[in-house]
Amino acid sequence: QVRLVESGGGLVQPGGSLRLSCAASGSIFGNYAMGWHRQAPGKQRELVAVISSGGRTVYADSVKGRFTISRGSAVNAVYLRMNTLKPDDTAVYYCILSMIEGVHWGQGTQVTVSS
């Protein structure tokens, strides 16, 4: 069983920054990707960013140049640095871990961008 715990969400003004963290534990083995999805009220869940075990990254067009995903060097962790936040970034952000045997999700952390 894999457990993902997110932290770092909160309320921020437009133009501000936040850093999300996700720590993974449990039966994690082999090569795996980690990343973030988000779901805004009334919208479908969407990919924000993902990083492979080799460090390759993919970003949604809407966050390119503003968000940076990275992995912990010694632990099963993934981070999302979010700069120049916009009200449209308001959503619940979910951490994911993808292995051959399946995809695991965290419980989510709320990010609200509002003045």
Self-check item: Contacts under 7 angstrom Cβ, first residue in region 104-115 being closer than 16 Å to ARG19 by Cβ, partner aliphatic (A, V, I, L, M) and open to solvent by 50 Å² or more (accessible area, probe 1.4 Å), 6 or more apart
Solution: GLY106/VAL5; THR112/LEU11
Quiz item: So, of the residues in region 100-115 that are part of a strand (DSSP E or B) and of a type outside the set (S, T, N, Q), which turns out to be surrounded by the most Cβ atoms within 10 Å (Cβ to Cβ)?
Solution: VAL111
Quiz item: Which ones in region 44-81 are in a loop (DSSP other than H, G, I, E, B), more than 23 Å from SER114 (Cβ to Cβ) and either among the β-branched types (Val, Ile, Thr) or open to solvent by less than 60 Å² (accessible area, probe 1.4 Å) (or both)?
Solution: SER52, GLY55, GLY72, VAL75, ASN76
Quiz prompt | Odd one out for SER62, checked against (1) in contact with a Lys or Arg (Cβ under 8 Å, 6 or more places away or on another chain); (2) in contact (Cβ under 8 Å) with a residue 24 or more places away in the chain | solution = (1)
Quiz prompt | Residue, surrounded by the most Cβ atoms within 10 Å (Cβ to Cβ), within region 82-99, restricted to residues that are within 12 Å of the chain's Cα centre (by Cα) and farther than 17 Å from GLN13 by Cβ | solution = CYS95
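Scan PRO14, PRO41 and give me the residue that is in a loop (DSSP other than H, G, I, E, B) and surrounded by 13 or more Cβ atoms within 10 Å (Cβ to Cβ).
Values: PRO41 fails: surrounded by 13 or more Cβ atoms within 10 Å (Cβ to Cβ).
Answer to the selection: PRO14.
Which one of these is without any contact (Cβ under 8 Å) to a residue 40 or more places away in the chain and out of contact with any helix residue (DSSP H, G or I) (no Cβ under 7 Å at 6 or more places or on another chain): SER25, SER52, SER7?
Numbers: SER25 fails: without any contact (Cβ under 8 Å) to a residue 40 or more places away in the chain; SER7 fails: without any contact (Cβ under 8 Å) to a residue 40 or more places away in the chain.
When all the criteria are applied, what remains is SER52.
The values are calculated or read from the model by the stated rules, or taken from the named source; none is laboratory data. Owing to the predicted nature of the structure, the values given are computational and were not obtained by experimental measurement. Note: ideal-geometry Cβ built from the backbone for every residue, glycine included; neighbour counts use all protein chains shown. Each accessible area value is taken on the protein alone, full model and side chains, heavy atoms only, with ligands, DNA and RNA left out. Shrake-Rupley method; radii C 1.70, N 1.55, O 1.52, S 1.80 Å.
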